[in-house]
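The values are calculated or read from the model by the stated rules, or taken from the named source; none is laboratory data. This one's a predicted model, so the numbers in the text were calculated from it and none came from an experiment. Here the Cβ positions follow ideal geometry from the backbone for every residue, glycine too, while neighbour counts run over all protein chains shown. To get the accessible areas, we keep the full protein, side chains included, count just its heavy atoms, and leave off ligands, DNA and RNA. Shrake-Rupley method; radii C 1.70, N 1.55, O 1.52, S 1.80 Å.
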Amino acid sequence: MEIILGFLIAVAIGVTGVGAGIITAPVLILFFHVSPVVAVGTALAFGVAVKVLVVPMQLARKQVDFRVLGYMLAGGLPGVIVGSFILAKLNVPGRQGILYAALGSTIVIIAALNLYRVWLRPAQKPVRDVGFSSAGAGALGSLVLLAITPLTAAQVVGTDLAFGLCVSLVGSGFQVTAGNYDGVILTKLVIGGVAGAFAGTYLAAIAPQRVLRVVLSLWLISLGIQLCWSGVHHW
């Protein structure tokens, strides 16, 4: 089942550009009953596997601006460390409700940002590059890069993907070291994800990307709300 999930997530990423982490974590929590901390660690590691397939191609095409990437990492890497520390503090029975609510709120916000990109900025068409865009952070990161830098759309995608790989690698490193991941589920997700990457690359050229992105974002918002509601009950 997890192999099918990895395949479907990779296809969804390829067709819609919505990232691996924002889909994987809530699905593992709500449908596979994985604890929030383990779901986050597994999703981060899966996100690294997805981006490793893409970032070398971006580097080869010189679509990564290292100066902008350096500035982003200067703020992003400390943020990942702080976030990992907060996650560890919330991983106790009495604080599970806060963790559910925080995850749910984050998913709702990121999914809403993806809707914003579809509806309010229709003139900026997403760049098709191996069918992938960056993970959850890409929804916000791409908008900011487009607004405050002179980078082309291709450079925005490449730079944001490289940033996502770096922060996911650091974040997953913390979680894996702490044992906050499920190795069996992760392995199956990656197996399905590799196959889904090729399928997503093909479907990205023929699928109705705008409609599917809206549908997926609305579904993710509903999942985020469910997580927030679970947080209220745990609280």
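Quick grid of which residues meet (1) at pLDDT below 85; (2) in a loop (DSSP other than H, G, I, E, B); (3) over 18 Å from the mean Cα position of the chain (by Cα):
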{"site": "193", "(1), (2), (3)": "no, no, no"}
{"site": "202", "(1), (2), (3)": "yes, no, yes"}
{"site": "207", "(1), (2), (3)": "yes, yes, yes"}
{"site": "218", "(1), (2), (3)": "no, no, no"}
{"site": "221", "(1), (2), (3)": "no, no, no"}
{"site": "227", "(1), (2), (3)": "no, no, no"}
Sort through 81, 86, 3 and tell me the only one that's open to solvent by 40 Å² or more (accessible area, probe 1.4 Å), in a helix (DSSP H, G or I) and under 16 Å from residue 165 (Cα atoms). 81
When residues of the stretch 22-61 are filtered for being part of a loop (DSSP other than H, G, I, E, B), under 22 Å from residue 90 (Cβ atoms) and not hydrophobic (A, V, I, L, M, F, W, C), how many remain? 2
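Could we say that residue 74 is of a type outside the set (S, T, N, Q), at pLDDT 90 or above and surrounded by 15 or more Cβ atoms within 10 Å (Cβ to Cβ) here? Full working, then the answer.
Values: of a type outside the set (S, T, N, Q): yes; at pLDDT 90 or above: yes; surrounded by 15 or more Cβ atoms within 10 Å (Cβ to Cβ): no.
For residue 74, the condition - of a type outside the set (S, T, N, Q), at pLDDT 90 or above and surrounded by 15 or more Cβ atoms within 10 Å (Cβ to Cβ) - is not met.
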Unmet criterion (only one of (1) at pLDDT 80 or above; (2) under 22 Å from residue 27 (Cα atoms); (3) in contact with an Asp or Glu (Cβ under 7 Å, 6 or more places away or on another chain)) for residue 159: (2)
What's the number of the only condition in (1) modelled with pLDDT of 75 or more; (2) open to solvent by less than 30 Å² (accessible area, probe 1.4 Å); (3) not hydroxyl-bearing (Ser, Thr, Tyr) that residue 67 fails to meet? (2)
In the stretch 85-122, what residues are within 18 Å of residue 216 (Cα to Cα), modelled with pLDDT of 80 or more and among the hydroxyl-bearing types (Ser, Thr, Tyr)? 105, 106
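Being open to solvent by 20 Å² or more (accessible area, probe 1.4 Å) and touching a residue at least 60 places away in the same chain (Cβ under 8 Å) is the filter here; which residues of the stretch 49-62 pass it? Don't jump to the end; show me each part of the working.
Step one: of the stretch 49-62, the residues open to solvent by 20 Å² or more (accessible area, probe 1.4 Å) are 49, 52-53, 56-57, 59-62.
Within the stretch 49-62, 49, 52, 53, 57, 59, 61 meet the criteria.
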